[in-house]
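Have a look at the structure below before the remarks.
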Amino acid sequence: MARAVIYGIPVSPGLALGAIRRLHGASSGERRHIAVEDIPAEEETLRRAVAAVRAGLEKTLAGLPPALADYGEIVTAQMELASDPRLMGTALARIRHRKICAAWALEETVEELCELFRGMDDPYLRDRAQDVRAMGLRLAEALRGEGAPRGDASAGILAAEDLSPADVMELDTASILGILTAEGGPTSHTAILARSLRVPALTGVTGLPEAARDGENVIVDGLSGRVLLAPDEADLAAYHKRKAAYESFELETRAAAVLPAESRDGVRVSVRANLENARELDDLPALGPDGVGLYRTEFSYLGRELPGEEELFAEYAAVAARVAPLPVIFRTLDVGADKALAAHAALREPNPALGLRGIRFCLAHEDMFRTQLRALLRAGATGNVALMLPMITDCREVRGVRRILHELRHELAAQGLAHAARLPLGVMVETPAAVLTADSLARECDFFSVGTNDLIHYLMAIDRNNRHVAYLHEPLHPAAVRSLKQVVDAAHREGIPVSVCGEFAADPYGVALLLGMGIDALSAAPRFVPGIKHMLRKLDADGCAELVHTVLTLPDAATSRQVIHERLRRALGQELSFLATNHATPGTP
Ligand code: PEP
Ligand code: MG
């Protein structure tokens, strides 16, 4: 038996075995009051530490390993953070006003700034707390005169309270077998870097700083989220077996990813990728998606000035051209709730998740919306483009958008600008109102895409960011399963295709049910595409239709899970444990 087992959030898949290499020393540094005459010297110490960290980062930038070439701008951002006036100015003021040493002033300032980020609604901004903290650790080391962490040259599992991208880049990346951090979430830089390095990684590992001993052997399971500290012979044997099986599974699914996905009884399902920005396009061809099923457009709007038409057109046209002749479904701006723009701050909504988000915000800020729609119509001339509207609750919203599109086409024609004469217009089904009026909505649009992430939240009356009720995010709840069936049937009765682009599309339990319901397409984060295709090939649509029939009669999610599990186990065997299950585990609060 291992000495202990600890758990984290799996953010990069795979399995690794190696010795722990702890980065960064203890985070709590010196705490010393100083005399007035020592203030200038302490300030100077802090400035020198910043200069040393900046110099180190410049060196890192110059020698960036090829696998991480894309991350140059992250290091640049870290350099800016090192001398950020909020960080530096506040720390220097603390030295002066509280008469405390530089290390203490820095520690307090970093903690304060982290708290600010952690309290933000936007999960992306929340994860930036990790960057601030990692920079704080680096500066603290420079203050102690330790220089940047180099780690030893031997291969191992990096373990740290926090990692900044620069920490990872300074190491010999070939020697990193896995990454464990106590902080961070799925969109943290640690997660993104680990996926680029293709090493298993867990963030948010509970008890890591206390449990991890430098040099001790550990097994990192980036699929289940488990870390085995000091594994014994039996653990090691099980690990080697599981790793070999996972690696051949990966090879097999990747090799077959470019082939169409067809169930055992010959039912074809389109498997598409969800993209958050154009950068992700590079990896797409090898993963074999049948187009882009959801292009989230909000990332060009968040945390910056509003983009102009030309900038948006350049982005959308480049994406459409790269993916053509395959389709790209651009979702129009879905801000509000957890993705707030500066304009939302002025609204002071008491409950933003039930407020002016998605299509409601766009129709209320029509000038901004028109800019995006003009860019999309123009991009439509460069590829196979479709539009999709988020947070629809009413047919009038769809009609409103059609009217604007009609006017914009006239405008573009009058200006002699090339644009698509007709773009398919779809509706995202993410509200109970859209489910209940799916038949009417289907008559107003060209396709449906079910956003299960939001739909489940609105069905279950839970806030997407409230961890106290996260246990209720259960896609197998009868309300969710019945809604999906109702939407698929309504779409097909009205003769339009329907897809699912929420995380349920990559969940094995979701794939089985949705295949059984007759779904036309599934769309998920690119890395899930090969796995989804693999599952579809192993399942039969007729059997899954029977399964749906049974599940619709069951009273609760736990019973449904058992019934579906049985079928999945028969179809996939051990492979089931290699596939993504994105849903929260049902349980009690
Ligand atoms: C969804 O709600 O399921 C969805 C795909 O949209 P997002 O996660 O971007 O809100
Ligand atoms: Mg959504």
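The values are calculated or read from the model by the stated rules, or taken from the named source; none is laboratory data. Please read these numbers as outputs of a predicted model, since none were measured by experiment. We place every Cβ from the backbone using ideal geometry, glycine too, and count neighbours over all the protein chains shown.
Outside any loop (DSSP other than H, G, I, E, B) and closer than 23 Å to GLY145 by Cα, is that true of GLU30? When the stated conditions are applied, GLU30 does not pass them. Here is a check on your reading of the model: is VAL292 surrounded by 19 or more Cβ atoms within 10 Å (Cβ to Cβ), within 17 Å of the chain's Cα centre (by Cα), in the same structural domain as GLY451 (by TED's automatic domain parsing) and more than 15 Å from ligand 2 (Cβ to nearest atom)? When the stated conditions are applied, VAL292 passes them. In summary, ASN274 fulfils each of the numbered conditions (1) within 16 Å of ligand 2 (Cβ to nearest atom); (2) in contact with a His (Cβ under 6 Å, 6 or more places away or on another chain) with the single exception of condition (2). The condition (being in the same structural domain as SER449 (by TED's automatic domain parsing), touching an Asp or Glu at 6+ places or on another chain (Cβ under 7 Å) and more than 23 Å from ILE192 (Cα to Cα)) is satisfied by just one residue among SER263, SER300: SER263. In summary, PRO325 fulfils each of the numbered conditions (1) over 22 Å from the mean Cα position of the chain (by Cα); (2) within 26 Å of LEU455 (Cβ to Cβ); (3) assigned to a loop (DSSP other than H, G, I, E, B); (4) of a type outside the set (Lys, Arg) with the single exception of condition (2).
Among the helices (runs of 4 or more DSSP H) confined to segment 450-543, the ones with at least 3 residues that are assigned by TED's automatic domain parsing to the domain that holds PRO260, away from ligand 2 (no atom under 16 Å from the Cβ) and modelled with pLDDT of 95 or more are located at 478-493, 508-517, 529-538. For segment 400-449, a residue qualifies if it is crowded, with 17+ Cβ neighbours inside 10 Å, among the charged types (D, E, K, R) and assigned to a loop (DSSP other than H, G, I, E, B), and exactly one does: GLU430. With a requirement of 3 or more residues that are out of contact with any helix residue (DSSP H, G or I) (no Cβ under 9 Å at 6 or more places or on another chain), the helices (runs of 4 or more DSSP H) lying completely within segment 180-256 that satisfy it span 208-211, 233-256.
Could you list all residues from segment 440-491 that are closer than 21 Å to TYR509 by Cβ, of a type in the set (Ser, Thr, Tyr) and touching a residue at least 40 places away in the same chain (Cβ under 8 Å)? Of everything in segment 440-491, those that are closer than 21 Å to TYR509 by Cβ, of a type in the set (Ser, Thr, Tyr) and touching a residue at least 40 places away in the same chain (Cβ under 8 Å) turn out to be SER449, THR452, TYR471, SER483. Is it the case, given these coordinates, that ILE95 is of a type in the set (A, V, I, L, M), in contact with an Asp or Glu (Cβ under 9 Å, 6 or more places away or on another chain) and buried (at least 22 other Cβ atoms within 10 Å of the Cβ)? Against the criterion (of a type in the set (A, V, I, L, M), in contact with an Asp or Glu (Cβ under 9 Å, 6 or more places away or on another chain) and buried (at least 22 other Cβ atoms within 10 Å of the Cβ)), ILE95 qualifies. Is it true that ALA317 is in contact with a helix residue (DSSP H, G or I) (Cβ under 7 Å, 6 or more places away or on another chain), in a helix (DSSP H, G or I) and more than 14 Å from ligand 1 (Cβ to nearest atom)? Yes; evaluated as a whole, the condition is true for this residue.
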